[in-house]
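This report refers to the structure that appears directly beneath it.
The values are calculated or read from the model by the stated rules, or taken from the named source; none is laboratory data. Predicted model, so just to flag it, every value in this text is computed and none were measured. Heads up, the Cβs are rebuilt from the backbone with ideal geometry, glycines too, and the neighbour counts pull from every protein chain shown. Note: areas computed on protein heavy atoms with side chains; ligands, DNA, RNA excluded. Shrake-Rupley method; radii C 1.70, N 1.55, O 1.52, S 1.80 Å.
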Amino acid sequence: MSAADWYAHKSLGDGLFWIQERFYQSENRANIWLLRGTHQDVVIDTGLGLRSLPEYIDANGLLGKDPQRKNPLLAIATHAHFDHSGGLHQFQQVGVHSAEVDALANGDNFETVTWLSDREIAVAPSPGWRARHYKVKAVQPTHILQEGDVINLGDRQLTVLHMPGHSRGSICLHDRDNKLLFSGDVVYDGAMIDWLPYSQVSDYISSCERLIGLVDSEQVDQVLPGHYNTFGAKRLHRLSSAYISRAGTCPAKFSTLVWRTLSGWALRASNPRCAC
């Protein structure tokens, strides 16, 4: 299967594109965001990497034909989990938070929670392909991101907000001027996951409090999340508040412990050579 068949995209205007993997039919299917700038273009999260994302972007002319543009496309992972980082190795420039550099550089399929089944892939990307052979390929990040870093696209800037909880290196990218928040898996319109390896509930609560602060200070109008559909500031406030209210309860704590134990066992079994 070609890259042209594997992906599909939609233009949201103002140099922003929403890309998805058509045949990865799972709740784990991540949104891929492409944002064009006058100086630098950025792709935020890269999906599984089963077909060439750069090839698809180029073939569809999503970056335009500016002969003055010399900076290679920068791929940023909002965190290291496989559904967001699997395609990073396809890019010359790769950015990730410092807490998860080693996981990507070592191809640590435990920390990247690499867990894929054949039934999630509606059409095999190549003859004989099987999910059990899938691994996140090691990649050495060129941009090691920290809280407060600013990624200059020329006509717009993205500020790195370290928001741990879902994973230790989870980040949001905030376009302050346009009040856009690329939230990764820190928050999306669904159940927020805090039971994976390197998840931390107390950190997640702090991150949600910070999200509420962004809404209260009117710094966010639209959220472009790591999964599902986009939503606005009011929904962001409700989702963050609901997590804080739920996370401190005894049933939630017990559920988190059980799921963390089960997920750890399953990941070790499926990735026996991982550094865990």
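Trp18 sits with roughly 40 Å² accessible to a 1.4 Å probe, with DNA, RNA and ligands left out of the calculation. Phi-derived couplings, Karplus 6.51 cos²θ - 1.76 cosθ + 1.60 at θ = phi - 60°, listed residue by residue for the range 121-137: 9, 5, 9, 4, x, 7, x, x, 5, 9, 4, 5, 8, 6, 9, 6, 6 Hz, with x used for Gly and Pro.
Approximating the spin labels as points 7 Å out from Cα along Cα→Cβ, the Lys65-to-Ser98 distance works out to 4.4 nm.
Between Ser126 and Asp221, what is the label-to-label distance in nm when each label sits 7 Å out along the Cα-to-Cβ direction? About 4.4 nm, to one decimal. In the full protein context, the range 3-248 carries 41 Å² of accessible surface per residue, based on a 1.4 Å probe and ignoring ligands, DNA and RNA.
Each peptide in 39-50, 130-141 gets a packing score, the mean of other Cβ atoms within 10 Å over its residues, and the list from highest to lowest is 39-50, 130-141. Each Cα pair under 8 Å and six or more residues apart adds its sequence gap; the mean of these over the residue count of the range 3-248 is a relative contact order of 15 percent.
When the chain is treated as a GNM with alpha-carbon contacts under 10 Å, the residue of Asp14, Asp203, Asp216 showing the greatest mean-square fluctuation is Asp14. GNM on the chain, alpha-carbon springs under 10 angstrom: the most fluctuating residue among Ser98, Ser26, Ser245 is Ser245.
When the solvent-accessible area of the range 3-248 is split by element, carbon and sulfur atoms take up 46 percent of it, the probe being 1.4 Å. The distance between label points at Asn229 and Thr159 comes to 3.0 nm (points 7 Å beyond Cα on the Cα→Cβ vector). So if we plug the beta-carbon distance of Ile144 and Asp58 into 1/(1 + (r/R0)^6) with R0 = 22 Å, what FRET efficiency do we get, rounded to 0.05? The formula returns an efficiency of 0.25 here.
Between Ser117 and Ala4, the FRET efficiency estimated from the beta carbon spacing at R0 = 25 angstrom works out to 0.50. Across the range 58-151, Cα-Cα pairs more than 23 Å apart make up 38 percent of the total.
The candidates Met1, Met192, arranged from most to least accessible area with a 1.4 Å probe in the full protein assembly, appear as Met1, Met192.
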